[in-house]
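Colleague: Got a structure for you, written out below as structure tokens; questions coming shortly.
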Amino acid sequence: MLSCILRGESRCRAAAQKMWEGRTGLRGKVNTMGKIILTGDRPTGRLHVGHYVGSLRRRVELQDSGEYEKIFIMIADAQALTDNIENPEKVRQNIIEVALDYMSCGLDPAKSTLFIQSQIPELCELTFYYMDLVTVARLQRNPTVKSEIQARNFEASIPVGFFTYPISQAADITAFKADTVPVGDDQLPMIEQTREIVHKFNTVYAPVLVEPTALLPENEACKRLPGTDGKAKMSKSLGNCIYLADTADEVRTKVMSMFTDPLHLQVSDPGHLEGNTVFTYLDAFCKQEHFDRYLPDYGNLEELKAHYQRGGLGDVKVKKFLNNIMQETLEPIRARRKELERDIPAVYQVLKKGSEAAREVATRTLSEVKSAMRIHYFEDEELIRMQAERYEA
Ligand code: TRP
């Protein structure tokens with residue numbers, strides 16, 4: 001062993017790899033026994049129907065499919081602080097809103113681990129080491145970071161924490177060895193960057209981390225559900241969101257005043273589907289069975305669209321159909337939320353339990369990471385013996 005040190009690095013590293021493999025029972029390949037999901041949201045407001053079709057609905061399906069060994073759903077408060085430092089109270093207040101929205105949509109703490117990012121300090125430690133694996137230029141090329149910097153007028157004063165949040169997101173994902181990350185397509189650059197970090201880490205150190213894959217929403221409408229005013233993005237400040245917690249009346253009013261086709265003035269006029277918010281929402285929400293229940297004159301969405309384009313189908317009729325679908329979809333969510341709101345301390349308790357469970361997993365990964373990096377000095381008897389031998393000689 002002494003001669004190994006003197007002769008150079010590479011054989012030593014091979015020996016270390018062997019030792020590590022022996023200790024962990026992993027050989028060459030990373031341990032991916034069961035499929036693992038991690039995903040989450042920044043707690044900056046109540047969740048809206050865009051979150052629902054873009055991700056929440058799918059998460060519940062995946063949860064109930066039984067195909068996943070573990071599902072981690074994270075409230076990303078630390079990430080939210082990276083661009084809300086003027087308003088930390090907003091983040092603090094919205095943790096419970098997001099938790100209520102999660103659980104009312106059907107995320108079940110008995111099946112999915114719901115937790116708060118800031119309660120897992122191991123994520124910071126992982127982030128710190130991953131920072132060495134990423135260049136400033138690479139972060140500057142991240143298209144989501146780029147457009148967010150523009151949107152927030154950060155050009156001249158980007159907070160370092162904000163700039164580096166893709167690295168902390170890599171820590172979020174890898175800490176749980178997630179292989180599947182259900183997200184909207186604005187998050188694809190984050191997954192790509194995570195994969196690069198994983199690859200680099202596994203190459204430089206040892207194959208400990210898992211390369212994740214994004215799981216995208218099912219269609220274009222679900223990927224980017226527009227606001228009720230037809231604007232590309234739903235946002236609180238534009239007042240164009242339908243929230244999961246909206247009352248039945250609020251939902252109806254919002255649906256009935258939705259942006260449609262400005263050229264469709266009379267019922268008999270031919271209508272256009274592109275940019276027509278009501279039809280985009282139908283693409284996202286409408287299922288075959290809704291026709292049987294609410295609009296039996298039409299066989300399916302294609303027939304309805306064709307009639308609209310031909311002319312002779314009024315906006316109000318389509319909006320009423322959409323309203324029925326939205327009410328049917330949102331009613332059970334609203335009812336569950338009401339129930340959950342009656343015991344808020346219990347919801348915090350769910351998050352506490354979830355955070356404890358998540359922390360155990362992250363701690364295990366961090367310990368593997370540190371062993372792979374060979375910075376687990378005090379457990380490294382080999383190192384201590386070798387150093388001692390060197391001084392004996
Ligand atoms: N960036 C995500 C968002 O803005 C939230 C998030 C933080 C996340 N860490 C994550 C999503 C890890 C998926 C995986 O909504």
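The values are calculated or read from the model by the stated rules, or taken from the named source; none is laboratory data. Quick caveat: nothing in here was measured; it's all calculated off a predicted structure. Note: ideal-geometry Cβ built from the backbone for every residue, glycine included; neighbour counts use all protein chains shown. Surface areas here come from the heavy atoms of the whole protein model, side chains and all, with no ligands, DNA or RNA. Shrake-Rupley method; radii C 1.70, N 1.55, O 1.52, S 1.80 Å.
Colleague: Would you be able to tell me the number of residues in the range 176-198 that are buried (at least 22 other Cβ atoms within 10 Å of the Cβ) and more than 10 Å from the ligand (Cβ to nearest atom)?
Modeller: 4
Colleague: Any chance you could count how many residues in the range 183-211 are assigned to a helix (DSSP H, G or I) and among the aromatic types (Phe, Trp, Tyr)?
Modeller: 1
Colleague: Checking residue 109 against (1) modelled with pLDDT of 95 or more; (2) farther than 13 Å from residue 79 by Cβ; (3) open to solvent by 30 Å² or more (accessible area, probe 1.4 Å); (4) not in a loop (DSSP other than H, G, I, E, B), only one condition comes out false. Which one?
Modeller: It fails just one condition, (4).
Colleague: Next question, about the same structure. Check the range 356-364 and report whether any residue there is in contact with a Leu (Cβ under 9 Å, 6 or more places away or on another chain), touching a residue at least 40 places away in the same chain (Cβ under 8 Å) and more than 30 Å from residue 108 (Cβ to Cβ).
Modeller: Scanning the range 356-364 turns up no residue that is in contact with a Leu (Cβ under 9 Å, 6 or more places away or on another chain), touching a residue at least 40 places away in the same chain (Cβ under 8 Å) and more than 30 Å from residue 108 (Cβ to Cβ).
Colleague: Within the bounds of the range 314-321, is there any residue that is open to solvent by less than 30 Å² (accessible area, probe 1.4 Å) and touching a residue at least 60 places away in the same chain (Cβ under 8 Å)?
Modeller: Within the range 314-321, one or more residues are open to solvent by less than 30 Å² (accessible area, probe 1.4 Å) and touching a residue at least 60 places away in the same chain (Cβ under 8 Å).
Colleague: Evaluate the following for residue 86: is it assigned to a loop (DSSP other than H, G, I, E, B), away from the ligand (no atom under 13 Å from the Cβ) and under 21 Å from residue 174 (Cα atoms)?
Modeller: No, not satisfied.
Colleague: Another question, if that's okay. In the range 130-157, which residues are part of a helix (DSSP H, G or I), loosely packed, with under 11 Cβ neighbours inside 10 Å and among the small types (Gly, Ala, Ser)?
Modeller: 137, 151
Colleague: Let me ask something additional. Need the failing condition index for residue 57 against (1) open to solvent by 20 Å² or more (accessible area, probe 1.4 Å); (2) under 29 Å from residue 280 (Cα atoms); (3) within 13 Å of the ligand (Cβ to nearest atom), just the number.
Modeller: Tallying (1) open to solvent by 20 Å² or more (accessible area, probe 1.4 Å); (2) under 29 Å from residue 280 (Cα atoms); (3) within 13 Å of the ligand (Cβ to nearest atom), residue 57 fails exactly one: (3).
Colleague: Picking from 163, 201, 154, which residue would you name as being more than 13 Å from the ligand (Cβ to nearest atom) and over 27 Å from residue 50 (Cα atoms)?
Modeller: Within the list 163, 201, 154, the selection yields 201.
Colleague: How many residues are surrounded by 15 or more Cβ atoms within 10 Å (Cβ to Cβ) and either touching a residue at least 60 places away in the same chain (Cβ under 8 Å) or not in a helix (DSSP H, G or I) (or both) if we restrict to the range 289-303?
Modeller: 2
Colleague: Counting just the residues of the range 112-129 that are assigned to a helix (DSSP H, G or I) and of a type in the set (A, V, I, L, M, F, W, C), which one comes out farthest from residue 41 (Cα to Cα)?
Modeller: Once the filter is applied, the top-ranked residue is 128.
Colleague: Now for a separate question. With the condition kept exactly as written, say whether any residue in the range 273-288 is open to solvent by less than 30 Å² (accessible area, probe 1.4 Å) and among the charged types (D, E, K, R).
Modeller: No, the range 273-288 has no match at all.
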